Amino acid sequence: MGEEHSSELFDNLLPESESILDEPALLDMFTTRVEEMLKGDIDLLLSSLYRLDVEEYKIQRALRSPDMPAARGIAKLIIDRQKEKIITRKKYGSEKKDPDWEGL
């Protein structure tokens with residue numbers, strides 16, 4: 001794999017709207033990519049998860065889960081985190097801006 005920025009590995013695959021989120025297909029696609037990274041470049045995977053702001057304890061839990069393969073669990077964490085970001089953007093992006101803070 002080339003010298004990609006770790007944040008770009010998943011960012012261009014992550015939708016910005018819940019309405020276009022085909023979660024089963026996305027989960028399959030991310031599971032495949034995470035499997036590749038677990039085998040070939042775990043440091044880049046962990047760096048990507050850090051940049052996506054996935055909590056470390058959740059990653060550890062996914063890696064040790066007896067119920068779900070590690071790659072599938074991590075792929076689900078990526079999707080869940082992106083959904084949280086979408087909700088936050090909608091919540092705070094739609095509020096009227098305080099005129100006292102404009103221009104800062």
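The values are calculated or read from the model by the stated rules, or taken from the named source; none is laboratory data. Since this is a predicted model, take the numbers as computed values, not measurements. Virtual Cβ from ideal backbone geometry, glycine too; neighbours counted across all protein chains shown.
So how many residues does the stretch 47-85 have that are surrounded by 18 or more Cβ atoms within 10 Å (Cβ to Cβ) and in contact (Cβ under 8 Å) with a residue 60 or more places away in the chain?
Count: 2.
Residues of the stretch 28-54 being within 14 Å of A70 (Cβ to Cβ), among the aliphatic types (A, V, I, L, M) and under 12 Å from the mean Cα position of the chain (by Cα), which ones?
Within the stretch 28-54, V34, L45, L46, L49, V54 qualify.
Within the stretch 53-92, can you find the residues that are of a type in the set (G, A, S) and closer than 20 Å to D41 by Cβ?
As a first pass, look at the stretch 53-92 and keep what is of a type in the set (G, A, S): 62, 65, 70-71, 73, 75.
Once the filter is applied, which keeps residues that are of a type in the set (G, A, S) and closer than 20 Å to D41 by Cβ, the stretch 53-92 yields A62, A70, A71, G73, A75.
Based on this model, can you work out whether K91 counts as more than 20 Å from the chain's Cα centre (by Cα) and at pLDDT below 90?
When the stated conditions are applied, K91 does not pass them.
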